[in-house]
Amino acid sequence: MEDDCRPLLGPDPTGESPSHRGSAGSLDIRTKRPFYVEPRNIVSDDPQERISAEAAILNSRVHYYSRLTGSSDTTLSPPNHVIPTPEEMYIYSPLGTAFKVPDSEQAAKNPSIVTIFAIWNTMMGTSILSIPWGIKQAGFTLGIIILIFTGLLMLYCCYIVIKSPKAIRGVDTSSWEFPDVCRFYFGKLGQWSSLVFSMVSLVGAMVVYWVLMSNFLYNTGQFIYNHAHNVSTSDSEYGTNGSDRVICPYPKTHPGRNDSMTSLCGRSYGNDSSGSSFDLYWSKTSTIPLYLIILLLPLLCFRSASFFARFTFLGTISVIYLIVLVTIKASRLGFHLEFHWFGPSQFYVPEFRLLFPQLTGVLTLAFFIHNCIITLMKSNKNQENNVRDLSVAYLLVGGTYMYVGVLIFAAFPSPPLSKDCIEPNFLDNFPSSDVMVFVARMCLLFQMITVYPLLGYLVRVQIMGQLFGNHYPGFIHILVLNILIVGAGVLMAMFYPNIGSIIRFSGAICGLALVFLLPSLVHMFSLREQGRLTWQSVLFHSFLIVLGVANLMAQFFIRPSSQLASGLQACPM
C-alpha cells in the first residue's frame, strides 16, 4: 500500500539509482513493457476489455511524465510498482480499451520433449562412429562401465553450468552465457580461457569433418566407379564372405596397437596397386582432401550461415539411419563374444585394457555440450524442469552410444576376423560395394557439407567478435581465417586421418577446461560467496579437476612412441 501512495517523482525504495533501472534504450525488459493496470481495474473479460476510470487517469499521468524528459533520461521513468509482469501485459488505446497480448518470448518457448531432442540432436555428432572403436580399446566390459561413468560425470558438470548464472546475486544474468559467468568470477582470463577452449572443440570438430568427408567422398566415388565398370574388390579385401561382408582393412594389426595402418595412412587393400588413372586422381589421402577445398572454401566465406541452418534436420535423419543400419547388420551377423578378462587371444580383446583413456577422450567430446547448454535451455518453456529434461537428454544420448557401440562390437565376426580390426570409423569395416553403407555415407557426406559452414560461422563469430568487435570485419580477414581452418583439415586428412585420435585429443583438451576445470571452480566460488562451501565439496570438485588433467595427460602416454614412429614411417609422403 505504501508503494501505491508514493509519488512518481519520489526516491526508489529499493535504493536503485536511475542508471541501474534502465532507460528506453537499454536492454532492461522493464522499460519495454506497457503501462500496468491492476486486474481489479479491468471491467470486463471481452476481447476488447474496458478499463476503469481510475486506470485511465493513472495511464494518462504516466504518459504525461514520460514526455517531460528525453528518452535517454531515466529520472521520470515509471517506478517499479507500475511495471507489469509478462503475464499482465496489455495494450491500451485512448478509447479506454485493453487488449491482452501474449508474451512473445513465452510464445517462442519449446515444450520439454522438443528441448530434450534438441539436446540429443546437438550431441549426436561424428563421435558416434568412433564409439565401437573406443569400446574395443578399453575392452568390452570396461568400455561399458566407462561409458556410463563418463556420462554421469558429464551430466553433473553440465548441471553446474546451467545453474551457474542463477547463482550470481544482485546482477541480471538472464542474457549471460558461460563465458560471461567465467568473466564474473575470474575476469578476462576466465572469459578468454572459455572462449579459446570452445574454439578447440569447434576446430577439432571441423578437422574431423574434413577427414570424414574425404573418406565418404572417396568411398562414394569408388562405389560409383566400380558399379559403372563392373569392378569387384572382394579378392583384394581381407574379410568375410557372404552378402553382408565385413572387412579388416589392415589384418595384421598388433593387438596392443592404437591405430591401424589404415587409420594412419588412409590406405586400404586395392586402393593404390592398380595403377589406373582413376586410382591416381581419386586417392583418399592425396587428392580428395584437396578437391573438397574447391567446394567448401567458398561456402565458408558466406556472410550469413542462415541458408545452411535449414539443413540441420539432416543430422537427425542420418543418426536414425545409422541406428537402423546397425540394427540390420547386427541381426544378420549375429553376436560373436567371448570373455577373456585380462589376456588377449587370437580373435578377441581382453575385457579390461590399459588403452581405456582413448575411450574417455572420445566420450568427453561425445557428451560435450557445455558451451551451448545455457542457450538451449533458455528456450525451454518450463524452466523448473531444466534439470529433469537435461538428465533425460543425457540418458537418450548415452543409450544411443551404448546401443551402437555394443551392437557393432558384439556383431563383429570373430572369428574369422579379430576384434582388434574394428576401425575408428566403423563404416570402414564395410566394403565400398555395400549398398546400405553407401547410402549412409552419402547421407553423412551431404549433412557434413551443410554443417561444416555452420561450424566455420561459429568460429568466425567468436574470434572476429573478440578481436575486431565485428563478425565480418572484411573479406580478407575472413578468407585468412578460413584458409587456416581448411589447411588444418587438409593436412590431417592427408597425413593423419585417424578420427579416433583427433576426437580423443580434442575432447580431452576442451573437456579439461569447459567440463572439469572451469565449472568446478565456478561452483566452488559460488558456494564460498554464499557461505555454503564445505570441505567435502572442495574435495569432490578438486577430484573432478584431477580427472580432467589425468584424462588429457593419458592421451599422450597410452602408446609407446616406437609404435607411432613405425606407423608413420609406413605412410607414403
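The values are calculated or read from the model by the stated rules, or taken from the named source; none is laboratory data. Since this is a predicted model, take the numbers as computed values, not measurements. Every residue, glycine as well, gets a Cβ built from its backbone with ideal geometry; the counts of neighbours run over all protein chains shown. Surface areas here come from the heavy atoms of the whole protein model, side chains and all, with no ligands, DNA or RNA. Shrake-Rupley method; radii C 1.70, N 1.55, O 1.52, S 1.80 Å.
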Legend entry - Failed condition for His340, given (1) open to solvent by 40 Å² or more (accessible area, probe 1.4 Å); (2) of a type outside the set (Phe, Trp, Tyr); (3) touching a residue at least 60 places away in the same chain (Cβ under 8 Å): (3)
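Among the residues of segment 144-197 satisfying the criterion of being within 30 Å of Phe352 (Cα to Cα) and aromatic (Phe, Trp, Tyr), which is most open to solvent (accessible area, probe 1.4 Å)? Walk me through how you get there before you give the answer.
Within segment 144-197, the subset within 30 Å of Phe352 (Cα to Cα) is 144-158.
Cutting the leftovers down to aromatic (Phe, Trp, Tyr) gives us 149, 156.
Values: Phe149: 109, Tyr156: 65 Å².
Per the stated criteria, the residue is Phe149.
How many residues are more than 21 Å from Leu514 (Cα to Cα), without any contact (Cβ under 8 Å) to a residue 40 or more places away in the chain and assigned to a helix (DSSP H, G or I) if we restrict to segment 530-552? Full working, then the answer.
First, the residues of segment 530-552 that are more than 21 Å from Leu514 (Cα to Cα): 530-536.
Now drop any that are not without any contact (Cβ under 8 Å) to a residue 40 or more places away in the chain, which leaves 531-536.
Still in the running and assigned to a helix (DSSP H, G or I): 535-536.
Qualifying residue count, segment 530-552: 2.
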Inset, instruction - Hey, can you tell me all the residues within segment 279-307 that are open to solvent by 70 Å² or more (accessible area, probe 1.4 Å) and either touching a residue at least 40 places away in the same chain (Cβ under 8 Å) or at positive phi (or both)? - result: Leu290, Tyr291, Leu295, Phe302, Arg303
Legend entry - Long-range neighbours under 8 Å by Cβ, at least six apart or interchain, first residue without any contact (Cβ under 8 Å) to a residue 24 or more places away in the chain within segment 489-512, second of a type in the set (Val, Ile, Thr) and crowded, with 24+ Cβ neighbours inside 10 Å: none
Inset, instruction - Scan the helices (runs of 4 or more DSSP H) fully inside segment 267-350 and keep the ones with 2 or more residues being within 32 Å of the chain's Cα centre (by Cα) and modelled with pLDDT of 90 or more. - result: 288-300, 313-333
Inset, instruction - Go through segment 418-450 and count every residue that is closer than 24 Å to Leu300 by Cβ and either touching a Phe, Trp or Tyr at 6+ places or on another chain (Cβ under 7 Å) or without any contact (Cβ under 8 Å) to a residue 60 or more places away in the chain (or both). - result: 6
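Identify, from the list Thr122, Thr115, the residue that is at pLDDT 85 or above and either of a type in the set (S, T, N, Q) or open to solvent by 10 Å² or more (accessible area, probe 1.4 Å) (or both). Let's see the steps before the verdict.
Working: Thr122 fails: at pLDDT 85 or above.
Criteria check complete, one pass: Thr115.
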Legend entry - Residues satisfying the stated conditions in segment 455-477, i.e. surrounded by 16 or more Cβ atoms within 10 Å (Cβ to Cβ) and either outside the structural domain of Leu295 (by the TED database) or under 23 Å from the mean Cα position of the chain (by Cα) (or both): Leu455, Gly456, Tyr457, Leu458, Val459, Arg460, Gln462, Ile463, Met464
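Restricting the search to segment 441-485, which residues are of a type in the set (Ser, Thr, Tyr) and either farther than 14 Å from Gly125 by Cα or touching a Lys or Arg at 6+ places or on another chain (Cβ under 7 Å) (or both)?
Passing the criteria: Tyr457, Tyr472.
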Legend entry - Residue tally, condition in a helix (DSSP H, G or I) and open to solvent by 20 Å² or more (accessible area, probe 1.4 Å), over segment 432-444: 6
